1. Those residues that are modelled with pLDDT under 95 and out of contact with any helix residue (DSSP H, G or I) (no Cβ under 9 Å at 6 or more places or on another chain), I need them from region 114-128; list them, please.
2. Taking Thr131 as meeting all but one of (1) hydroxyl-bearing (Ser, Thr, Tyr); (2) assigned to a helix (DSSP H, G or I); (3) crowded, with 21+ Cβ neighbours inside 10 Å, write down the number of the exception.
3. Which numbered condition trips up Asp72, out of (1) open to solvent by 40 Å² or more (accessible area, probe 1.4 Å); (2) within 18 Å of Leu147 (Cβ to Cβ); (3) charged (D, E, K, R)?
4. Would you check which residues across region 146-194 are outside any helix (DSSP H, G or I), open to solvent by less than 70 Å² (accessible area, probe 1.4 Å) and in contact with a helix residue (DSSP H, G or I) (Cβ under 8 Å, 6 or more places away or on another chain) and list them?
5. Given region 1-110, what helices (runs of 4 or more DSSP H) lie entirely inside it while holding 1 or more residues that are within 12 Å of the chain's Cα centre (by Cα) and touching a residue at least 24 places away in the same chain (Cβ under 8 Å)?
Amino acid sequence: MKILAICGGMREESNTNKLVRKVAESSGCDYDIAELGKLEIKPCTGCAECMMYEGKCPIQDDMQPLYQKMLDADAIVLGSPTYYMNVSGVVKCLIDRSLALYYRGIGPQYDPNMPFMGQRPLAGKPGVMVTTVAGAGHEKTMEVLTLCMGESHRMNIIDKIAVPIGMNDVADMPEVMKLAEEAGKKLGSALKKR
């Protein structure tokens, strides 16, 4: 079983990224880390070519290999820091561009009465969503992550971590690191049951 852990913080050692890594490490499963801060993921242009050409996005950047990693993963951990009461810009680009997955002919129909909504290749895969914030707004960020990955992609969100950290280092907050460890164990258990 393989987990794709997507670190949406632009700094490698951001609090969000540390928690995402802790979740993946604690799962007891193999995992691959995608550090969005080291990748170039351009914004979606809304061209709709992915809808017309079997899920092929015409934008050539680092999202192209991520599509396959998302499809190949048995589970996904997605983390975004809370920036201005929402997901970070790079995570928003990832979410927007992930629409292309709906048109690759994989997975259950979103709604048989609305075939233009495509299919959901990530449906049923377990996932953990993570966000941190210095002050406030983490609830909205978690709402967006859950809406996109849970309701739209139809993943099985088995745990959520949304915590205000202040100006602290999460590595010095054992109670928060414990949340990530517990989420990882839940994820590993969910994968073993599949």
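The values are calculated or read from the model by the stated rules, or taken from the named source; none is laboratory data. Only a predicted model underlies this, so the values are computations on that prediction, with no experimental measurement involved. Note that we place each Cβ from the backbone using ideal geometry, even for glycine, and neighbour counts take in every protein chain shown. Accessible surface areas use protein heavy atoms only, side chains included; no ligands, DNA or RNA. Shrake-Rupley method; radii C 1.70, N 1.55, O 1.52, S 1.80 Å.
1. Across region 114-128, the qualifying residues are Met114, Pro115.
2. If we test Thr131 against (1) hydroxyl-bearing (Ser, Thr, Tyr); (2) assigned to a helix (DSSP H, G or I); (3) crowded, with 21+ Cβ neighbours inside 10 Å, just (2) comes out false.
3. (2)
4. Let us first name the residues in region 146-194 that are outside any helix (DSSP H, G or I), namely 153-169, 173, 194.
After this cut, where a residue has to be open to solvent by less than 70 Å² (accessible area, probe 1.4 Å) as well, the list is 153, 155, 157-159, 161-166, 169, 173.
Residues satisfying the conditions are His153, Met155, Ile157, Ile158, Asp159, Ile161, Ala162, Val163, Pro164, Ile165, Asp169.
5. On the way: elements: 15-26, 49-52, 63-72, 89-97.
In region 1-110, 15-26, 63-72, 89-97 are the helices (runs of 4 or more DSSP H) which contain 1 or more residues that are within 12 Å of the chain's Cα centre (by Cα) and touching a residue at least 24 places away in the same chain (Cβ under 8 Å).
Residues are listed down the side, and each one gets a yes or a no for (1) β-branched (Val, Ile, Thr); (2) over 30 Å from Leu191 (Cβ atoms):
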{"position": "Cys50", "(1), (2)": "no, no"}
{"position": "Lys56", "(1), (2)": "no, no"}
{"position": "Ile59", "(1), (2)": "yes, yes"}
{"position": "Pro65", "(1), (2)": "no, no"}
{"position": "Ala73", "(1), (2)": "no, no"}
{"position": "Leu78", "(1), (2)": "no, no"}
{"position": "Tyr83", "(1), (2)": "no, yes"}
{"position": "Asn86", "(1), (2)": "no, no"}
{"position": "Lys92", "(1), (2)": "no, no"}
